[in-house]
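The values are calculated or read from the model by the stated rules, or taken from the named source; none is laboratory data. In this text the structure is predicted, and so the values were computed from the model without any measurement. Here the Cβ positions follow ideal geometry from the backbone for every residue, glycine too, while neighbour counts run over all protein chains shown. SASA here: full protein model, heavy atoms, side chains in, ligands and nucleic acids out. Shrake-Rupley method; radii C 1.70, N 1.55, O 1.52, S 1.80 Å.
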Amino acid sequence: MAITLDQLAPRAALVEIARDFHARGWMAGTAGNLSVRADDDSFWITASGLPKGRLEETDFLRMRIQDGEIVERLHANAKPSAECSIHQVVYQRFPDARACLHVHSVDACLACEDIPSAAQEMPLPPLEMVKGLGIWEQHPDVALPLFDNLLDVTRIAAAIDQRFQVVAPRAPALMIRGHGITVWGSDAQEAYNRVEIVEFIMSYLARRR
Ligand SMILES: [Zn+2]
């Protein structure tokens, strides 16, 4: 039987996912970051500035969910990405989230280009694939929370935190304009599947333009 990503050790799973997403053009260069929750209120996340097609299992940091403190690094020079703050918010807000994947794709950027700048949501088309996000309805009316891309990523994380305090998103995903998606799941395999589904929908929207 196939070995699924959740059966691999967390960092081994993330290395495999990074290679796969890099090959598809969703993690070009050093873009994006991937994390898995550990058992003690912390998460393993890809270190900043490393080529995603060539990661090794030592290219990770472990960050405390509560306060963002680095509790373990496997290289003395491994630096946390500013985008760690987004993963931190996801783990704080959603106790069931055990993996969080953030990628930069051309299609996701194109898909939100025509959405008015004041809009805070990105409506999803009622495609069969929406079921893969856990929404089983005949005519699903689902939108992804949409956030502005800001130079200071901690301000994006603060905006996500603030909005999710008021209303939790129906789908386990969010979009940052001109930047990319962040998706979470109950383990690495589920989060991986959901990235594929959201990117499928983004490709559909980009081509429909
Ligand atoms: Zn990013």
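Which one, 146, 164, 105, is farthest towards the positive end of the dipole of the chain when Lys and Arg carry +1 and Asp and Glu -1 on their Cβ?
105
To test your reading of the geometry: what angle, between 0 and 90 degrees and rounded to tens, separates the Cα axis of helix 188-208 from the longest principal axis of the chain?
40
Share of antiparallel DSSP beta bridges in the chain, in percent to the nearest 5?
95
Relative to the longest principal axis of the chain, what angle (0 to 90°, nearest 10) does the C-alpha long axis of helix 10-23 take?
Tilt relative to the chain: about 50 degrees.
Per residue, how much accessible surface does the chain expose to a 1.4 Å probe? Answer in Å², no decimals.
Roughly 49 Å² per residue, with all protein chains present.
What's the angle, to the nearest 10 degrees (0 to 90), between helix 84-93's Cα axis and the longest principal axis of the chain?
70
Which value, in Å² and to the nearest 10, is the accessible area of residue 113 when all protein chains are kept and the probe is 1.4 Å?
120
Using only protein heavy atoms and a 1.4 Å probe, report how much of residue 36 is accessible, in Å² to the nearest 10.
Answer for residue 36: close to 10 Å² accessible.
If 192, 91 are ordered by their accessible area, calculated over protein heavy atoms with a 1.4 Å probe, which sequence runs from highest to lowest?
Output order, biggest surface exposure first: 192, 91.
In whole percent, what relative contact order does segment 14-102 give with Cα contacts below 8 Å and a gap of six or more residues?
Over segment 14-102, the number comes to 29 percent.
Whole number please: convex hull volume per residue of the Cα set in segment 5-208, in Å³?
Hull volume over Cα atoms, normalised by residue count, gives 115 Å³.
How large is the helix-only mean residue ellipticity at 222 nm for the chain, computed as the sum of -39500 (n - 2.57) over DSSP H runs with n ≥ 4, divided by its residue count, in deg cm²/dmol to the nearest 500?
-10000 deg cm²/dmol, from helical runs alone.
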